[in-house]
Amino acid sequence: MATDIPKGTPPPVIEDENRRLRRAVEELSILNDLARAIGGVVNSQEIMHTIIHRSVRAIHAEQGVITMVDQQGHDAMKTLVRTMVTEAGHQPFHFSQALLGWMQLHRMPITLNAPREDARFRGVHWDESIHSLLCVPLMVKGEVRGVLTVYNKKTEGGFTDDDQRLLAIIAGQSAQVIENARLYESEQALLRMKEEIRLAGQIQADLLPKVLPEVPGYDIAGRTIPAQDVGGDYFDFIPMESQQLGVCLGDVSGKGLPASLLMANVQATLRSQSLLNPPPQLCIQRANTLLLQSTSPEKFVTLFYAVLNTMNHTLTYVNAGHEHPFLFTSDPEPVRLSTGGAPLSIIDKFPFEEQTVSLAPDDLLVVFSDGVSEAMNAEQAQFGQSRLGALLPDLRHDSASVIIERIIEAVRTHAGGAPQNDDITLVVLKRRPS
């Protein structure tokens, strides 16, 4: 950089001009080095550490801090990230919320060479060893995304206007780079989370029956459609001794990944208990005790659990707080299977009850989750159990799989374009004609 100095200019003026030029060259070198150092980096912590380190060295300060604030949440004063560089022998300082509030309000640099005497921050408690500070905003698209602060000028007189100007330029050059790095990290974290959820959904799907049971004299089918990538509903068919088959459909409170984890626990618990071939009532009592010991108080499970005896064609069941299944027999009105008790994991040592019903040829059992009955359309009207009950008589002569498809089709027709707000799960059991 060069400039023309008129002849006859006094030496002091020439010296001042030379100092200004030297400082301008130094600043350009600092900014150029900083741009090269952070230009190809995508790690936000590494970028911020580099910015602070270069700023502390350029301004001749003892310590520097970058504080990033929450722009997406409800509290714009919330600190999301705090990165610090301090020289050996100096205790890290705590960034003042009052200073952050001032920066949010004014959005401009501030120099405090006597912070305890500044009327703007009367009543603020400063760390004992802070005697000067310089603070500049990190602005992105007109919003304060963070604050860059340096503490304690090493030379006499405190921070200067030149220091403030240089730090403001550094902040202006760096803010978008930090923002881009943080956005990239958020995107990568979201992709990792989506992949983990996808794998969780795959694992959950593997826990469900892969093939439908082939039971002589019976037609059995089941299906679940999660509202999200993973769900809290499940169904299972458990082969048992003496030509018996366990049939269950459960609905875990909540949705998504937490519900799916509890669902897997419920399935494992029921399968382990059914291996002992106990009566359904005893199986559910034991499962309830085990789930109470391993489940948080706000979680619970509604469950319909039954044991089909194919020798004498009976179904012994326990309904633990679940939607009452429809059992269609030769009678004009369907039977609702309601005997049982409270949902699992709520009351310890609950006295569950069981009931046994006979299955004649052509009898039809439909077990469903509340994702079927409570499916809503755009007007918030539910599909309802009465609509389901009215639909089923016309489907009695269809196969179990077709019945499930027809129910799902009716639910989706009712919902129209409204999104599915809960898991939909169905189990259908038919005794074939003689």
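Taking the stated definitions as given, is Lys153 in the same structural domain as Arg36 (by TED's automatic domain parsing), among the basic types (Lys, Arg) and farther than 30 Å from Pro325 by Cα?
Considered against the rule, which asks whether it is in the same structural domain as Arg36 (by TED's automatic domain parsing), among the basic types (Lys, Arg) and farther than 30 Å from Pro325 by Cα, Lys153 comes out as yes.
Among the residues of the range 201-229, how many are of a type in the set (D, E, K, R) and in a loop (DSSP other than H, G, I, E, B)?
3
Every residue in the range 201-237 that is more than 15 Å from Met263 (Cβ to Cβ) and aliphatic (A, V, I, L, M), please.
Result: Val211, Leu212, Val215, Ile220, Ala221.
Among the numbered conditions (1) modelled with pLDDT of 90 or more; (2) in a helix (DSSP H, G or I); (3) aromatic (Phe, Trp, Tyr), tell me where Phe159 comes up short.
Against the list (1) modelled with pLDDT of 90 or more; (2) in a helix (DSSP H, G or I); (3) aromatic (Phe, Trp, Tyr), Phe159 comes up short only on (2).
Quick grid of which residues meet (1) at pLDDT 95 or above; (2) within 24 Å of Val428 (Cβ to Cβ); (3) of a type in the set (Lys, Arg):
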position: Val266; (1), (2), (3): no, yes, no
position: Leu303; (1), (2), (3): yes, yes, no
position: Leu315; (1), (2), (3): yes, yes, no
position: Leu327; (1), (2), (3): yes, yes, no
position: Pro332; (1), (2), (3): no, yes, no
position: Arg336; (1), (2), (3): yes, yes, yes
position: Thr356; (1), (2), (3): yes, yes, no
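Go through the residues of the range 288-302 one by one and say whether even a single one is crowded, with 20+ Cβ neighbours inside 10 Å, more than 24 Å from Gly231 (Cβ to Cβ) and either touching a helix residue (DSSP H, G or I) at 6+ places or on another chain (Cβ under 7 Å) or touching a residue at least 60 places away in the same chain (Cβ under 8 Å) (or both).
No: zero hits.
Which residues, taken from the range 259-274, are touching a Cys at 6+ places or on another chain (Cβ under 8 Å) and either surrounded by fewer than 24 Cβ atoms within 10 Å (Cβ to Cβ) or farther than 14 Å from Gln285 by Cα (or both)?
Once the filter is applied, which keeps residues that are touching a Cys at 6+ places or on another chain (Cβ under 8 Å) and either surrounded by fewer than 24 Cβ atoms within 10 Å (Cβ to Cβ) or farther than 14 Å from Gln285 by Cα (or both), the range 259-274 yields Gln273, Ser274.
Which residues, counting only those in the range 385-420, are touching an Asp or Glu at 6+ places or on another chain (Cβ under 8 Å) and part of a loop (DSSP other than H, G, I, E, B)?
Arg396, Ser399
Looking at (1) at pLDDT 90 or above; (2) crowded, with 17+ Cβ neighbours inside 10 Å, can you tell me which one Ala227 breaks?
Against the list (1) at pLDDT 90 or above; (2) crowded, with 17+ Cβ neighbours inside 10 Å, Ala227 comes up short only on (1).
The values are calculated or read from the model by the stated rules, or taken from the named source; none is laboratory data. No experiment lies behind these values; they were computed from the predicted model shown. Glycine also receives a Cβ, built like all others from the backbone with ideal geometry; neighbour counts cover every protein chain displayed.
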